[in-house]
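The values are calculated or read from the model by the stated rules, or taken from the named source; none is laboratory data. The shown structure was predicted, so the numbers you read here are calculated from the model rather than taken from an experiment. As a convention, Cβ positions derive from the backbone with ideal geometry for all residues, glycine included, and neighbour counts pool all protein chains shown. These accessible areas exclude ligands, DNA and RNA; they are computed on the full protein's heavy atoms, side chains included. Shrake-Rupley method; radii C 1.70, N 1.55, O 1.52, S 1.80 Å.
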Amino acid sequence: MISLQSSIKLKQIVSGVGSLSGTWHTQRALHVTPLILGWGNEHKPIPRGRFRPNRHWHPENRKARAMKILRPDLPDSDFLRKMQSKEASPAEIRDFYKERGLMRHESDNEIPVYTSCTGMLMEPFEPPEGDGKASLLSKQGAKDSALVVQRKGKTLLATRKLRRFEEDFDPRQFAEASQEIYIQAHEALARHDEDDLHKYATEKAYPEMLYNTENKTIYWKFIKSLEPPKTVQIRANDAFTKNNLFAQVTVRFHSQQILAVYDRFGRLIQGHPTVAKDVLEYVVFEKHAANLYGTWRVHGKIIPDWQDNRTPGRLTRVLRKDEAPMEEEIITDEEATKSNEAESSTTDESDAPIYDRFNRVIAKSK
């Protein structure tokens, strides 16, 4: 049953609804009416306005609510168009990449550069004139020994630098080990084995060794050492950056070798296949000491200015019509051996020098 007071209030509300029909107050009144009438809707919340959502905004969940919204970073088409037309300045391009945390590439054709050797000889060693012929007791030999003492200071400093990367480096032991590298490099050259030649020769010495060897057969053989190999100079310098050390060691070789070069027709153009010649060479070995996997390789040979020029080999060519063919001189093995012995004996038997067990001149007999 509805009480008297409730009926009075209902009349007031209904009269208000009639006067404010179609307004917010009308809607408010209609929703309030069931509460007063007691129709079982007392516990329903009053609906909010049109522009106010009916949800609770908890401040602790602001970040979670913000993650629901994706804001894509659209490319700046206008600036990209300026870059393609080369209208943007270098500073603007640098800032553009820096804002996005990108690394700028100068061009798409860039390739990595690896420097495994130097392209030159560091302070090339100057072989003394008459090396291999002058005795230590002679005037020329005394001058040469004094010159070696002067160069010893730089060699000791370079050795100290090299031992920072290679603690067990010993110049005397290296001279013996370098002889094996020297032999392996020349045997690979004789076989035309380019893969093995890369192991024992640097990128500088590789084209120099292969020069003018195409369509030729090379026979090379190492007979023996007339003198033990000797380290005469060591140089070490940094390249490009600090502690990027390259080391070069010059080793003196005095040995007997056999060399014979044949052209594509099988004709002998240089040397002899059975006659051994005395060879005195100064070979430079290089290593990238800063590289953990660096190895010693042949880097070059030092040819002194006072050395006699070798006679060039005879090449096979097409004769002209008005040119008469030359008579080929055939040299037998016996004649070649006799000529080699005649060249090696430059002094008389009475003036022959005295040799030690390494075949080094120690004194001249009276």
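Being closer than 19 Å to residue 155 by Cα, without any contact (Cβ under 8 Å) to a residue 60 or more places away in the chain and among the charged types (D, E, K, R) is the requirement here; does residue 216 meet it?
No; evaluated as a whole, the condition is false for this residue.
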- prompt: With respect to residue 182, is the statement that it is under 23 Å from residue 127 (Cβ atoms) and either in a helix (DSSP H, G or I) or among the aromatic types (Phe, Trp, Tyr) (or both) true?
  reply: yes
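Can you tell me how many residues in the range 185-225 are part of a helix (DSSP H, G or I) and among the charged types (D, E, K, R)? Can you show your working first?
Keep residues of the range 185-225 that are part of a helix (DSSP H, G or I), which gives 185-191, 194-200, 205-210.
Checking the rest, the ones that are also among the charged types (D, E, K, R) come to 187, 191, 194-196, 199, 208.
Selection size over the range 185-225: 7.
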- prompt: Counting only residues that are surrounded by 10 or more Cβ atoms within 10 Å (Cβ to Cβ), farther than 19 Å from residue 104 by Cβ and of a type in the set (Asp, Glu), how many does the range 54-93 have?
  reply: 0
field: Top-ranked residue of the range 77-107 - restricted to ones that are touching a helix residue (DSSP H, G or I) at 6+ places or on another chain (Cβ under 8 Å) and part of a loop (DSSP other than H, G, I, E, B), ranked as modelled with the highest pLDDT
entry: 88
field: Selection within the range 294-311 - part of a loop (DSSP other than H, G, I, E, B) and at pLDDT 90 or above
entry: 294, 295, 296
Scope the range 175-195; condition free of Cβ contacts under 8 Å to residues at least 40 places away in the same chain, within 18 Å of residue 286 (Cβ to Cβ) and not β-branched (Val, Ile, Thr); matching residues: 180, 184, 186, 188, 189
query: How many of the residues in the range 190-217 are touching a strand residue (DSSP E or B) at 6+ places or on another chain (Cβ under 7 Å), open to solvent by less than 30 Å² (accessible area, probe 1.4 Å) and over 22 Å from residue 248 (Cα atoms)?
result: 1
field: Tally, over the range 218-236, of residues that are open to solvent by 70 Å² or more (accessible area, probe 1.4 Å), out of contact with any helix residue (DSSP H, G or I) (no Cβ under 7 Å at 6 or more places or on another chain) and within 20 Å of residue 297 (Cα to Cα)
entry: 1
